[in-house]
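For reference, the structure is listed below as structure tokens.
The values are calculated or read from the model by the stated rules, or taken from the named source; none is laboratory data. Values in this document were obtained by computation on a predicted structure and should not be read as measured data. All Cβ positions, even for glycine, are placed from backbone atoms using ideal geometry, and neighbour counts span all protein chains on display. Surface areas here come from the heavy atoms of the whole protein model, side chains and all, with no ligands, DNA or RNA. Shrake-Rupley method; radii C 1.70, N 1.55, O 1.52, S 1.80 Å.
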Amino acid sequence: MTTSYGHGTLAALMAGNLAGTLSLKELLTHGSTGLGTFDGVDGEVVILDGEVYQADATGRVNHVTDPNVMLPFASVHFPGNDQQAVTVTATSKAALQTALTTKYQLANVFAYVRVSGEFDHVKVRIAPKQTQPYPSLLEVAKHQPVFEQTHVSGTLLGYYAPDIFGTVTAAGWHLHFISDDRQFAGHVLEFTGGELTGELEIFDSLEQHLPIHDQ
């Protein structure tokens, strides 16, 4: 089994600690796949096979190569040898989450899923970059732009955490999406689709990095 590496906490973001506290270069030493956000909660980050993409508040997707960009929050890991093949008929986000959580008995473990296929509709939100003095994440959430795409092929990826860890990271499933053409991405709000295939991974340990905040 593999280790899930988390940098920063959801509680810190809720308290308005949105400044980047870890470089992308350092983060990638802990994982080649994952998700997160940049300094000031600047957009939604997707990391696939060591390649880093940022969906910004305009809806544009940027291929990020600057190793010095900073992140206040991220979850990453190196895919291991214990991945399980997954095939699901995903009529909705809720249906996918329920099917995975129930079938693989995830209620009390940390897990990761990556599935790809054709989606009838995907709705995402993207956090806009904030400036100091930073608001809480709850305030940011009130003004997040929403984007939608129909008939799009792409990849859905994200992490599952037990409810008891809800102040450390997002409880339940935290999912991001990126299209195959790398032109559409974000934090998933809703989707509808057909058969999706990919991998699911259950972690046997969690490494949580807790940065020191100036605020």
### Query
How do the pairs read when you match residues in region 44-69 that are on the phi > 0 side of the Ramachandran plot with residues anywhere that are part of a strand (DSSP E or B), using Cβ under 7 Å and keeping only pairs 6 or more apart or on different chains?
Asp49/Thr33; Gly59/Phe147
### Message
Suppose the filter is modelled with pLDDT of 95 or more, buried (at least 24 other Cβ atoms within 10 Å of the Cβ) and in contact with a Ser or Thr (Cβ under 6 Å, 6 or more places away or on another chain); does Gly43 pass it?
### Response
no
### Query
In region 133-166, which residue that is among the hydroxyl-bearing types (Ser, Thr, Tyr) and within 16 Å of the chain's Cα centre (by Cα) is surrounded by the fewest Cβ atoms within 10 Å (Cβ to Cβ)?
Thr155
### Task
Look at Leu200 and say whether it is under 25 Å from Val52 (Cβ atoms) and open to solvent by 70 Å² or more (accessible area, probe 1.4 Å).
no
### Message
Filter region 82-111 down to the residues that are part of a strand (DSSP E or B), open to solvent by less than 80 Å² (accessible area, probe 1.4 Å) and of a type in the set (A, V, I, L, M) and list them by number.
### Response
Val86, Val88, Ala111
### Query
For Leu27, are the conditions met, namely being under 20 Å from Phe203 (Cβ atoms), open to solvent by 20 Å² or more (accessible area, probe 1.4 Å) and of a type outside the set (Ser, Thr, Tyr)?
no
### Query
If you go through region 180-200 one residue at a time, do you hit one that is farther than 17 Å from Glu44 by Cβ and aliphatic (A, V, I, L, M)?
yes
